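The next block holds one structure in the form of structure tokens; read it before the comments.
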Protein chains: 4
Amino acid sequence: MPPLHAIAHLGHVELRTPVLDESVEFFTRYLGLTETGSAGDSVFLRAWDDYENITIKLTGHATSGAGRTNLRAAGPEALERLVAAIEAAGRGIGWQDGDPGYGPTYVFTDPDGHELGLYYESEWYAPAPELEPALKNQAQANPARGASVRRLDHINYLGVDVTANSDFLCDTLGGMVTEQIVLDDGSIAGSWLTFTNKTYDAVYTRDRTGTPGRLHHIAFATDTREDILRAADIALEQGVFIETGPHKHAIQQTFFLYVYEPGGNRIELANAGARVILAPDWRPVSWTEADRAKGQAWGLKTIESFHTHGTPPVEHAP
Amino acid sequence: MPPLHAIAHLGHVELRTPVLDESVEFFTRYLGLTETGSAGDSVFLRAWDDYENITIKLTGHATSGAGRTNLRAAGPEALERLVAAIEAAGRGIGWQDGDPGYGPTYVFTDPDGHELGLYYESEWYAPAPELEPALKNQAQANPARGASVRRLDHINYLGVDVTANSDFLCDTLGGMVTEQIVLDDGSIAGSWLTFTNKTYDAVYTRDRTGTPGRLHHIAFATDTREDILRAADIALEQGVFIETGPHKHAIQQTFFLYVYEPGGNRIELANAGARVILAPDWRPVSWTEADRAKGQAWGLKTIESFHTHGTPPVEHAP
Amino acid sequence: MPPLHAIAHLGHVELRTPVLDESVEFFTRYLGLTETGSAGDSVFLRAWDDYENITIKLTGHATSGAGRTNLRAAGPEALERLVAAIEAAGRGIGWQDGDPGYGPTYVFTDPDGHELGLYYESEWYAPAPELEPALKNQAQANPARGASVRRLDHINYLGVDVTANSDFLCDTLGGMVTEQIVLDDGSIAGSWLTFTNKTYDAVYTRDRTGTPGRLHHIAFATDTREDILRAADIALEQGVFIETGPHKHAIQQTFFLYVYEPGGNRIELANAGARVILAPDWRPVSWTEADRAKGQAWGLKTIESFHTHGTPPVEHAP
Amino acid sequence: MPPLHAIAHLGHVELRTPVLDESVEFFTRYLGLTETGSAGDSVFLRAWDDYENITIKLTGHATSGAGRTNLRAAGPEALERLVAAIEAAGRGIGWQDGDPGYGPTYVFTDPDGHELGLYYESEWYAPAPELEPALKNQAQANPARGASVRRLDHINYLGVDVTANSDFLCDTLGGMVTEQIVLDDGSIAGSWLTFTNKTYDAVYTRDRTGTPGRLHHIAFATDTREDILRAADIALEQGVFIETGPHKHAIQQTFFLYVYEPGGNRIELANAGARVILAPDWRPVSWTEADRAKGQAWGLKTIESFHTHGTPPVEHAP
């Protein structure tokens, strides 16, 4: 098993949308991302404090859902070892050119069929003059437009077999489970994994429909809980659909807001406060059915669509 | 050079105070820490979400200042390698028994003479029934008393030779410089280091008095910037001396408040927002004298005592 | 009709509780009120920035529910005119001695039978030395204990006939309706009234059980929305029952949290932001059933108990 | 003396600027106001929750400074009585047509020569479809652009004789002094007045240069303190000059940020929390020189330019 931190962090994610223009409008006007270019059917967008070139690659497609999730290796040697581990697991697809600004990317799938990519080489983002930040320790000027999220935070996949997927990320990539849902029959219905000291970078939750390869949501980090309250106000004002929140998860204690972008993908705005996972001998926190029956941290019942809505929706599954 | 993450995190810090009772009162009533025991001239205190037993070991002493800073290694092998590196550097003192709840600790000094300790074995904190948290992913109930800080965040030493000290932590312990102050003569006047993905865990800033071994401050993390505004209100109400803030550092963009505890030690309350250091090829951000002349992020001039007040004060230096 | 501002503000409210000691514990430990004395079966409590002596008079009783709601007149002449108006309306009971620190109080009832009192004379609160505030424009030191609410904000009665009660307060006391719920049959199911420039001071919402004289809730103001998120965290930690929230009302845009104190009374923590009602020709905002079907501001469905739980509970009604 | 509340509230303020286009850019891009029209050399701007048509009338001029400050009377009769009081005081100029959307306005000056206007008739703002708010109790959609301030809050004049000006507003308009600065020689160096239950609507502070008719600043209200921290971040990013703050005034406990708009006028962003002035027998809080020597609430020294910078600047005074 590779060491924790062999993966440096979650890189950019490709999202598919059947309504590309409306989705671009959502990401730029509501979330406050900056459009930096396009290629083919894809538009590149970035959050203001992500140091690489791309945060989201938004691709026109027949359905919504996640395309490739990219992960940056901690170094060239780490990349080599990780690729070897994936090949040994028989899940490799092969090397491809990276997206603009990114080096060679090794493509593979998790057991559920979600596409992932591993890379190390990455050009840092160099802002155009009008996007130069005032402080030199920031990637880009904050546009102060809409919710103006700081950076990509995590991705939450749906998985038919949570354990198989979670084990794969732990065994081949060095992920560590920080929290999990353990049902009364002993099976794992949700698994939160970290590659870093963040509370989590990737999540698998059980797909009740049994459809492989679906996405539950991607999440962006805001600096404060107030930013998320404000984002809810702006969603209301701009007609963005709020699924649930703002509220606080019991699991991971994340303060959250879930909205749908026009293409149908669920988007979370998330704030972890000052909570980090520092213990090298962290013991996964297990949440039982009885725990879950209490609802979210402050008692909000988990909304039903949370258990059913995934992208691509079942009816559109390829 | 050991890899980044060989040190898991900053552990508990010993602070000295000539007025032990008043200092305990400050840490419990103002900061909201919980007293968990005592031994000899020392009182043990903990912040509500630190998972280990001790956050601060407060020791009665002729002067203020820092006693030992403890660092937890990422594992038993990491501990061995780190100790070997320190011994090779000729800075080791030797193994000692750890504080209650902690295993054997290897004691050493940095070039400035600050005492540090390395350990791996650590019992997790088990709260008494009345301190059981409502959520199982939290170390202890939040007492909701005073500023109620979440966890220890970082330590800032004064150092006669910043470069020598900073290099020592990088070379022997695997620290990474994330930001630094570079004077016009090319010398380094401040160095912010991380062992994790946090923006920083330890800092050296130049001691203008040329006195070795002094402490600038220790810092506690709060979940929000509002927590820090509230902490300023409470400081005013409780007669706690506010040195400067609340305001936002340009360096690291930390939102801060600096107060003095009754023993004379400077205490920071700090919030980094959602800022983390994820890039494995992070390039230290260098702040010049011209940058510094602009003041803090929003223009506040750095208060003069920030450059002069350290503990133990010069007149009390051992 | 008396002019707006004939009533200066909502004064102290009497709350009844079958478990006096537990209720006192809730108000002091959770809400952060200060106990200032007692008389007979009543305990006096105050929020830290209420300028008069009493915020809540908590009285041991067979049931929960509201005792007298006190209103301070804008002056001696205003008091006289208001009393004359009440007498003319045939709802007066007569003059009684005020609570400790308050002058003669004219007692009366609204059409639903809630007891109210009018007074002008009031001694200002003089804090004991240990409760002296740091800033001289504040009534008392903020204890920084629990939710630490700033002041009483409003009272929300249940009423069998909302219109009759609301009209009574407007016609005899100079209230102004700022917002209301208008059902499809044209009847008024909720009426929010102000005596000041606050968005509201008193509310009547329809009692679906047809029981007169019940209380929906009383509310305390906090300075920020963050204070309310924090109060939810503390409620969870202290085992205080959260009924609903934190969330934002569509009506009045109040950010809210509803909890139950141990005696069964519903308590709101409320924040209006910078919203005030300044227009002298304000037109009541009417919310229709279609509007209400959208839920609260961010879509949260109004919790069912909100329509059923009132105090005293139906089964205990005297 | 007219009763408190004869003035309903501070209406729109005219600001002069030698750089009209840059000033418009500041008010729309940084503060988030909406441009609604223009007439002659003036551009009309509004904050999103002001219910009338205009918040700021920005007029091209040789200098910066305040043009007319408009005040809305509580009703037609109140208007008549107020005008009679002004005429009796010999400070009237006469009736003029109001700005677009406003009825006849009675123009007069305070003893310092600041121009004011009284009116009652006012059309409420009717938003264009693209500016329709999501909630019907809000004047206009929140544009979520820049600092996005909610409404105009107060105006702070410089005055050669604070007492004469303050007395004039109390005696003729029904203002009430809520707080004041009393120097050791007994003279009043600052006077905070309210016409409502807000903590203050107008302020006079002593003009140390002895120049009559100057403006210290106008202020906009934000819903939270976090909004003001965010506004400071945006000012830094957009190159808006920050004079001082964010910090908390001891006087009135207002959380503040002061910036300069490009024309040279000082603009405050202000948050009062839940603090309101409800006592009809409020006793002005007096701040002494000794109090003032402590600095702002958390100890920040009052910035020197606060005592010298007024508009129009001395060198440009007409």
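Here are a few things to note about the model shown:
Residues checked against (1) assigned to a loop (DSSP other than H, G, I, E, B); (2) under 21 Å from B:H247 (Cα atoms); (3) open to solvent by less than 30 Å² (accessible area, probe 1.4 Å):
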| site | (1), (2), (3) |
| --- | --- |
| D:A290 | no, no, no |
| D:G295 | yes, yes, yes |
| D:W298 | yes, yes, yes |
| D:T302 | yes, yes, no |
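- Test: residue in the stretch D:115-132 that is open to solvent by less than 20 Å² (accessible area, probe 1.4 Å) and out of contact with any Phe, Trp or Tyr (no Cβ under 7 Å at 6 or more places or on another chain): no
- Number of positions in the stretch D:140-174 that are of a type in the set (A, V, I, L, M, F, W, C) and on the phi > 0 side of the Ramachandran plot: 1
Table: residues versus (1) part of a strand (DSSP E or B); (2) open to solvent by less than 30 Å² (accessible area, probe 1.4 Å); (3) away from every other protein chain (no Cβ under 12 Å); (4) in contact (Cβ under 8 Å) with a residue 12 or more places away in the chain.
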residue	(1), (2), (3), (4)
C:E87	no, no, yes, no
C:G94	yes, yes, yes, yes
C:D112	no, yes, yes, yes
C:C170	no, yes, yes, yes
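- In the stretch D:87-121, the residues that are within 21 Å of the chain's Cα centre (by Cα) and hydrophobic (A, V, I, L, M, F, W, C): D:V107, D:F108, D:L116, D:L118
- Residue in the stretch B:210-229 that is without any contact (Cβ under 8 Å) to a residue 40 or more places away in the chain and under 27 Å from B:Q138 (Cβ atoms) present: yes
- Exclusive hit being within 17 Å of the chain's Cα centre (by Cα), among the hydroxyl-bearing types (S, T, Y) and closer than 22 Å to A:D50 by Cβ, set A:T222, A:T178, A:T205: A:T222
- Taking the criterion of being open to solvent by 60 Å² or more (accessible area, probe 1.4 Å) and either among the charged types (D, E, K, R) or modelled with pLDDT under 80 (or both), the residues of the stretch B:304-318 that qualify are B:E304, B:V314, B:E315, B:H316, B:P318.
- In the stretch D:221-232, the residues that are facing another protein chain (nearest Cβ under 7 Å) and within 20 Å of A:L135 (Cβ to Cβ): D:E226, D:L229, D:A232
- Of the residues making up the stretch C:99-142, those that are among the charged types (D, E, K, R) and out of contact with any strand residue (DSSP E or B) (no Cβ under 8 Å at 6 or more places or on another chain) are C:E130, C:E132.
- Qualifying residue in the stretch D:45-53 (condition: open to solvent by less than 10 Å² (accessible area, probe 1.4 Å) and free of Cβ contacts under 8 Å to residues at least 40 places away in the same chain): yes
- Some residue of the stretch D:141-149 being under 16 Å from D:I218 (Cβ atoms), within 22 Å of the chain's Cα centre (by Cα) and surrounded by fewer than 23 Cβ atoms within 10 Å (Cβ to Cβ): no
- Of the residues making up the stretch A:172-183, those that are of a type in the set (A, V, I, L, M, F, W, C) and either within 18 Å of A:A219 (Cβ to Cβ) or not in a loop (DSSP other than H, G, I, E, B) (or both) are A:L173, A:M176, A:V177, A:I181, A:V182.
- Residue match in the stretch C:271-285 (condition: hydrophobic (A, V, I, L, M, F, W, C), assigned to a strand (DSSP E or B), open to solvent by 10 Å² or more (accessible area, probe 1.4 Å) and within 14 Å of chain D (Cβ to nearest Cβ)): yes
- The set of residues from the stretch D:19-30 being in contact with a Gly (Cβ under 6 Å, 6 or more places away or on another chain) and either crowded, with 22+ Cβ neighbours inside 10 Å or outside any helix (DSSP H, G or I) (or both) comprises D:V19, D:S23, D:Y30.
Listed here are the residues, each with its yes/no results for (1) open to solvent by 20 Å² or more (accessible area, probe 1.4 Å); (2) closer than 30 Å to C:Q252 by Cβ; (3) within 12 Å of another protein chain (Cβ to nearest Cβ); (4) of a type in the set (S, T, Y).
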residue: D:Q180; (1), (2), (3), (4): yes, no, yes, no
residue: D:G190; (1), (2), (3), (4): no, no, no, no
residue: D:D207; (1), (2), (3), (4): no, no, no, no
residue: D:A219; (1), (2), (3), (4): no, yes, yes, no
residue: D:E243; (1), (2), (3), (4): no, no, yes, no
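- For the stretch B:184-205, the condition holds for at least one residue, the condition being that it is part of a loop (DSSP other than H, G, I, E, B) and without any contact (Cβ under 8 Å) to a residue 24 or more places away in the chain.
- Residue among C:D161, C:D153 that is open to solvent by 20 Å² or more (accessible area, probe 1.4 Å) and in contact with a Phe, Trp or Tyr (Cβ under 7 Å, 6 or more places away or on another chain): C:D153
- Among the residues listed as B:L116, B:L135, B:L152, B:L158, the single one being under 21 Å from B:P76 (Cβ atoms) and either assigned to a strand (DSSP E or B) or within 14 Å of chain A (Cβ to nearest Cβ) (or both): B:L116
- Test: A:Y157 is in contact (Cβ under 8 Å) with a residue 40 or more places away in the chain and in contact with a Gly (Cβ under 7 Å, 6 or more places away or on another chain): no
- Single residue of A:P76, A:P2, A:P18 found to be at pLDDT below 95 and at negative phi: A:P2
Yes/no matrix, rows are residues, columns are (1) open to solvent by less than 20 Å² (accessible area, probe 1.4 Å); (2) farther than 29 Å from A:T222 by Cα:
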{"residue": "A:A6", "(1), (2)": "yes, no"}
{"residue": "A:G32", "(1), (2)": "yes, no"}
{"residue": "A:A39", "(1), (2)": "no, no"}
{"residue": "A:P76", "(1), (2)": "no, yes"}
{"residue": "A:A84", "(1), (2)": "no, yes"}
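- For the stretch C:253-263, the set of residues classified as open to solvent by less than 20 Å² (accessible area, probe 1.4 Å) and either assigned to a strand (DSSP E or B) or more than 7 Å from chain D (Cβ to nearest Cβ) (or both) consists of C:T254, C:F255, C:F256, C:L257, C:Y258, C:V259, C:E261, C:G263, listed by residue number.
- For D:E130, the criteria (1) within 13 Å of chain C (Cβ to nearest Cβ); (2) outside any loop (DSSP other than H, G, I, E, B); (3) not hydroxyl-bearing (S, T, Y) hold in every case but one, which is (1).
- Among the candidates B:V13, B:V24, residue that is among the aliphatic types (A, V, I, L, M) and closer than 25 Å to C:E237 by Cβ: B:V24
The values are calculated or read from the model by the stated rules, or taken from the named source; none is laboratory data. Given the structure is predicted, the values throughout are model-derived calculations rather than measurements. We place every Cβ from the backbone using ideal geometry, glycine too, and count neighbours over all the protein chains shown. Note: areas computed on protein heavy atoms with side chains; ligands, DNA, RNA excluded. Shrake-Rupley method; radii C 1.70, N 1.55, O 1.52, S 1.80 Å.
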